[in-house]
Amino acid sequence: MNRGGILKVQFTETVLRDANQSLIATRMSFDEFEPILAELDKAGYYSLECWGGATFDSCLRYLNEDPWERLRKIRKACPNTKLQMLLRGQNLLGYKHYPDDVVRAFVRKSVENGIDIIRIFDALNDLRNIEVAVDETLKCGAHPSGTICYTLSPIHNLENYVQLAKDMEKMGVMSICIKDMAGIMSPQEAYDLVKAIKAAVKLPVVVHTHSTTGLGALTLQKAVEAGADVIDTAISCFSGGTSQPPTETLVYALGQQGYEIDVKMDSLKKINDFFKPVRAKALESGLLNPVVLATDTDALLYQVPGGMLSNLVAQLTAAGKLDKFEEVLLEVPRVRKDLGYPPLVTPLSQMVGVQATSNVLNGERYKNISKEIKNYFFGFYGKAPGEVNKELAEKILGGETPVTCRFADTLEPYFEKAKAEIGAKAKSDEDVLSYIAFPTQAEAFFDKRDEKAKNTYKYTIREA
Ligand code: CO
């Protein structure tokens, strides 16, 4: 950002969400990070990414925490810093499409409970799948950040990324985020892309990457040189590997280059000192595996995310066919091509990986076709970025017509129905939304909560 000749860059801290998710499967509980929230609030960050993604599921499933209560408590402890969440457009926090009434209610409640910025993306970059979430975020007076999933393929180029940014600007988003979930965006690619987007739209540009392949910090530096306004980083002891590049390192390097930076180094030192024992404990318990902290350049070689490579190894090992690894790796890009080059982000990365494995192990391509791949061809995920394989489409569709409209338009409203379904177990509309997002986990959580309340009551009676 250039303000009267002074260059400025701002920082989004990811330790509470993406770093937590990428390194320790989102197992950091609220109590664990609660004591440092006041310092995080004082540090001068552009925003704290603290909710959405897997935090919601992890709270209910593993941490016995109400995700909404977590958000309210963070809000209370951090009154001065913008709180940010990650939202998968029409899929909210999961992989299936929800009807619009649910998406709107979820966005509204997120803002009411404390969220300022909602980073909204769709796995296929199908903007029809983010428009309702963007619209509702604006209606609630919050900041929708329109997000581009970055990928490499013969059909993805600067022009269509710029077009996505322009379309999102028209939609009303207040910033554009480039999301490189696999850590494969090179410094030069970041530089060119940020330059092109900055030239085409008037909005601030945010860059998100991962350190997986070792490119992360270089990529962020070049992105800033190209005019990126905000970068995502993680406090150093929760940075690197599959997490983000380190906050302090980027502050140090960019500060020397003359960028104006609001984040205060003394705060960062306190924050890092606080998280060091948290990391040490996670390493000791095995929750943090040193493997995820290492640099893995294979993703650059194969152009597939590191997480996908390890999934393939696991699948093939389980089938006793690890000798087929190279063959499967060659099949992955072919399956991706047949699907019209979807970005290899969850769930597409798993879908492509499983299908490629099945094609190789069966000795025949598409002898078995997964239900998910079938749904993809039926248009349940949105529009494929490029042309899909026509023969394969015919084989799957068998004369039926795929959905070409926005998939959510085919769905009936669900919020009130879900509210009736869960009944008295839900104490609020927030509870109903937890139930809609993760039915089994939410119900189990509500039961445990009721049990606890009953015991507290008994105890109170006895005391009296
Ligand atoms: Co990420």
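Tell me, rounded to the nearest percent, the portion of alpha carbon pairs in the stretch 349-464 spaced more than 16 Å apart.
73 percent
Please report the equivalent ellipsoid semi-axes of the stretch 125-169, computed as sqrt(5 x eigenvalue) of the Cα gyration tensor, largest first, in whole Å.
24, 9, 8
With a 1.4 Å probe and all protein chains kept in place, how much accessible area does T456 have, in Å² rounded to the nearest 10?
80 Å²
For the stretch 372-459, compute the number of Lys pairs whose alpha carbons are separated by less than 21 Å, excluding pairs fewer than 8 positions apart on the same chain.
17
Convert 37 °C to kelvin, take the viscosity as 0.692 mPa s, use the Kirkwood radius over C-alpha pairs of the stretch 286-334 as Rh, and evaluate the Stokes-Einstein diffusion coefficient in µm²/s, rounded to a whole number.
Estimated diffusion coefficient is 278 µm²/s.
If you count only protein heavy atoms and use a 1.4 Å probe, how large is the accessible surface of K109, to the nearest 10 Å²?
For K109, the solvent-accessible surface is approximately 40 Å².
At R0 = 51 Å, how high is the FRET efficiency between A420 and D167 if r is their beta carbon distance? Nearest 0.05 is fine.
0.85
So with the 1.4 Å probe, I'd like the accessible area per residue for the stretch 414-463, rounded to whole Å².
Per residue, the stretch 414-463 has 64 Å² of solvent-accessible surface.
For the stretch 2-285, what % of the accessible area comes from carbon and sulfur atoms, probe 1.4 Å?
Of all accessible area on the stretch 2-285, carbon and sulfur atoms account for 51 percent.
Using C-alpha positions alone, give me the convex hull volume of the stretch 159-260 per residue in cubic angstrom.
Enclosed volume per residue, from the Cα hull, is 94 Å³.
At q = 0.07, 0.10 Å⁻¹, what is the log10 ratio I(q)/I(0) for the chain, with the Debye formula run over Cα points and no solvent?
The Debye formula, applied to the Cα set alone, gives -0.36, -0.76.
Per the 1.4 Å probe, what fraction of the accessible area of the stretch 290-406, in percent, lies on carbon and sulfur atoms?
54 percent
So how much slack lies between K82 and L322, counting 0.36 nm per residue of separation and subtracting their Cα-Cα distance, in nm?
81.8 nm
Using only Cα atoms, figure out Rg for the stretch 163-220 and give it as a multiple of 2.2 N^0.38 Å.
Ratio of Cα Rg to 2.2 N^0.38 Å: 1.14.
Over the stretch 414-463, one equal point on each Cα, no solvent: what is log10 I(q)/I(0) by the Debye formula at q = 0.16 Å⁻¹?
So the normalised log intensities work out to -0.48.
Any chance you could run the full-extension gain for K269 through K367? It's 0.36 nm times the residue separation minus the Cα-Cα distance, nm to one decimal.
Separation in residues times 0.36 nm, less the Cα-Cα distance, equals 29.7 nm.
Check cross-link reach from K270 to the aspartates and glutamates: straight Cα distance under 17 Å, and skip same-chain residues fewer than eight apart.
E13, E32, E34, E39, D41, E248, D262
Run down the lysines and flag those whose C-alpha is under 17 Å from the C-alpha of K264, throwing out any fewer than 8 positions away in its chain.
K8, K42, K82
Mind checking the per residue accessible area of the stretch 290-406 for me, 1.4 Å probe, whole number of Å²?
Solvent-accessible surface per residue comes out at 52 Å².
How many Å² of accessible area per residue for the stretch 1-133, probe 1.4 Å?
In whole numbers, the stretch 1-133 has 31 Å² accessible per residue.
Compute the length gained on full extension between K374 and K276: take 0.36 nm times their separation in residues and subtract their Cα-Cα distance, giving the result in nm to one decimal.
30.7 nm
Taking R0 as 25 Å, what FRET efficiency do you get between S428 and T346 from their Cβ-Cβ distance, rounded to the nearest 0.05?
After rounding, the FRET efficiency stands at 0.30.
May I ask for the percentage of alpha-carbon pairs in the stretch 63-170 that lie more than 20 Å from each other?
Value for the stretch 63-170: 44 percent of Cα pairs lie more than 20 Å apart.
What distance in nm lies between label points placed 7 Å from Cα along the C-beta direction at V403 and K452?
So the label points at V403 and K452 sit 3.6 nm apart.
For the stretch 414-463, what % of the accessible area comes from carbon and sulfur atoms, probe 1.4 Å?
57 percent
Using only protein heavy atoms and a 1.4 Å probe, report how much of W51 is accessible, in Å² to the nearest 10.
We get 0 Å² for W51.
The values are calculated or read from the model by the stated rules, or taken from the named source; none is laboratory data. Every value quoted in this text rests on a predicted model; they were computed, and no experiment measured them. With ideal geometry, Cβ positions are generated from the backbone for all residues, glycine too; neighbour counts draw on all protein chains shown. Side chains are part of the model used for accessible areas, which takes the heavy atoms of the whole protein and leaves out ligands, DNA and RNA. Shrake-Rupley method; radii C 1.70, N 1.55, O 1.52, S 1.80 Å.
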